[in-house]
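Written out below as structure tokens is the structure these notes cover.
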Amino acid sequence: MNQNYVLAKIKYLLDQRKWSLYKLAQETGIPYSSLNSLFQKNNQPTIATLEKICAGFHITISQFFADDMVDLPICDFSREEIEIINKIRGISTHDKRLLMSLLDTMEKKRLNSLPQTSICKLAHKKANKFACENINIPTENLSQTRKYPKTFL
């Protein structure tokens, strides 16, 4: 492995994703100045730094060193999106349906520019209706309004 192999691979992954060094810094939590210094001084990153870089690219170190670059995933998810996906994987199918119902309602809100409080009421009503239909509870009484915590609004 020559001196520039690791940096060349990082540069390749940046180009493949159309990322800047600044974007990589955001995804990894490594200061931009540190990443820039690696390239300017042609230094090899430490194993710990390389692990953070691989995590930022959403690949493993073994994928990083694999000869076949075609199999590397091109993933442009933010850290928050990855966290959301990982949390979704751990919930039940029923809860996934409820979440989809909430997301559908939020999308309608975005498209229709409803006030935020209206979307919360719509989502809550839709989720309750879905839950009640699945356990055979009449849905006539769902029109009752509830107070929502500020964190939900």
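The values are calculated or read from the model by the stated rules, or taken from the named source; none is laboratory data. Keep in mind the model is a prediction, meaning the values are calculated, not measured. We place every Cβ from the backbone using ideal geometry, glycine too, and count neighbours over all the protein chains shown.
Kindly provide the set of residues from region 1-33 that are exposed (fewer than 13 other Cβ atoms within 10 Å of the Cβ) and part of a helix (DSSP H, G or I), ordered by number. Break it down into steps so the answer makes sense when it comes.
Within region 1-33, the first condition is being exposed (fewer than 13 other Cβ atoms within 10 Å of the Cβ), and the residues that meet it are 1-5, 8, 12, 15-16, 18, 20, 22, 29, 31, 33.
Matches in region 1-33: Tyr5, Ala8, Tyr12, Asp15, Gln16, Tyr22, Ser33.
What is the residue count in region 66-93 for residues that are part of a loop (DSSP other than H, G, I, E, B) and either over 18 Å from Ser20 (Cβ atoms) or at pLDDT 90 or above (or both)?
Residues of region 66-93 that are part of a loop (DSSP other than H, G, I, E, B), as a first pass: 66-68, 72-78, 90-92.
From the residues that got through so far, the ones that are either over 18 Å from Ser20 (Cβ atoms) or at pLDDT 90 or above (or both) too are 66-68, 72-73, 90-92.
Total satisfying the criteria: 8.
Is it true that Ser37 is under 27 Å from the mean Cα position of the chain (by Cα) and either modelled with pLDDT under 95 or at negative phi (or both)?
Numbers: under 27 Å from the mean Cα position of the chain (by Cα): no; either modelled with pLDDT under 95 or at negative phi (or both): yes.
It is false that Ser37 is under 27 Å from the mean Cα position of the chain (by Cα) and either modelled with pLDDT under 95 or at negative phi (or both).
Read through the list (1) closer than 26 Å to Ile85 by Cα; (2) more than 23 Å from the chain's Cα centre (by Cα); (3) of a type in the set (Val, Ile, Thr), then give the number of the only condition that Ile53 fails.
Looking at each condition in turn, Ile53 falls short on (2).
Right, Gln63: modelled with pLDDT under 90, part of a helix (DSSP H, G or I), out of contact with any Lys or Arg (no Cβ under 6 Å at 6 or more places or on another chain) and farther than 30 Å from Leu102 by Cα or not?
On the way: modelled with pLDDT under 90: yes; part of a helix (DSSP H, G or I): yes; out of contact with any Lys or Arg (no Cβ under 6 Å at 6 or more places or on another chain): yes; farther than 30 Å from Leu102 by Cα: yes.
When the stated conditions are applied, Gln63 passes them.
Could you tell me which residue of region 1-50 is nearest to Ile85 (Cα to Cα), considering only residues that are touching a Ser or Thr at 6+ places or on another chain (Cβ under 9 Å) and among the small types (Gly, Ala, Ser)?
Of everything passing the filter in region 1-50, Ala25 is nearest to Ile85 (Cα to Cα).
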